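Each value in this text was obtained by applying a stated rule to the coordinates, not by laboratory testing. Bear in mind the structure is a predicted one, so any value in this text is a computation, not a measurement. Note that we place each Cβ from the backbone using ideal geometry, even for glycine, and neighbour counts take in every protein chain shown.
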Amino acid sequence: MAIRHIECVADRAEGLCCGFPYNTEIVSINGVWFHVWLGDAAPTQQLLHALEIAARRQRDIVRLTYSAGQPTGFWAHQNFD
């Protein structure tokens, strides 16, 4: 699965993944949409790969996206690396 860039999502984060805010939303019985805000960090292949591996260890992912910017806040603090 490819991790895709999208415009900044105006939403709250669920926690931190590898130090970056993330959120998940249920898509189907197969898994969740996993979104990561990178702030000002460059989306290098190495970083995106590390985020994908960490996310897949914690959730069943059916869609994986990232954006620049920051979330509007946090609704939980479920952190992992």
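Scan segment 34-44 and tell me whether some residue there is surrounded by fewer than 16 Cβ atoms within 10 Å (Cβ to Cβ), assigned to a strand (DSSP E or B) and among the polar types (S, T, N, Q).
To start, the set of residues in segment 34-44 that are surrounded by fewer than 16 Cβ atoms within 10 Å (Cβ to Cβ) comprises 39-44.
Keeping just the survivors that are assigned to a strand (DSSP E or B) gives 39.
After this cut, where a residue has to be among the polar types (S, T, N, Q) as well, the list is none.
No; the residues of segment 34-44 include none that is surrounded by fewer than 16 Cβ atoms within 10 Å (Cβ to Cβ), assigned to a strand (DSSP E or B) and among the polar types (S, T, N, Q).
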Query - Number of the exception - residue 26 against (1) over 14 Å from residue 59 (Cα atoms); (2) touching a strand residue (DSSP E or B) at 6+ places or on another chain (Cβ under 6 Å); (3) aliphatic (A, V, I, L, M); (4) loosely packed, with under 13 Cβ neighbours inside 10 Å - result: (1)
Query raised in the report: Do you know which residues across segment 49-78 are farther than 15 Å from residue 38 by Cα, of a type outside the set (Gly, Ala, Ser) and assigned to a loop (DSSP other than H, G, I, E, B)?
Result: 59, 60, 75, 77, 78
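Is there a residue in segment 26-33 that is part of a strand (DSSP E or B), under 10 Å from residue 66 (Cα atoms) and under 11 Å from the mean Cα position of the chain (by Cα)?
Scanning segment 26-33 turns up no residue that is part of a strand (DSSP E or B), under 10 Å from residue 66 (Cα atoms) and under 11 Å from the mean Cα position of the chain (by Cα).
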Query raised in the report: Are there any pairs, at least 6 apart or on different chains, whose C-beta atoms fall under 6 Å, with the first in segment 49-65 and more than 16 Å from residue 25 (Cβ to Cβ) and the second not hydrophobic (A, V, I, L, M, F, W, C), and if so, which?
Result: 54/81
Requested in this report: Return a yes/no flag: does segment 7-15 have any residue that is outside any loop (DSSP other than H, G, I, E, B), of a type in the set (A, V, I, L, M, F, W, C) and touching a Gly at 6+ places or on another chain (Cβ under 7 Å).
Outcome: no
Report summary line: Cβ pairs under 6 Å, 6+ apart or interchain, first in segment 9-20 and without any contact (Cβ under 8 Å) to a residue 60 or more places away in the chain, second in a strand (DSSP E or B) and of a type in the set (A, V, I, L, M), ordered by first then second residue, are 20/36
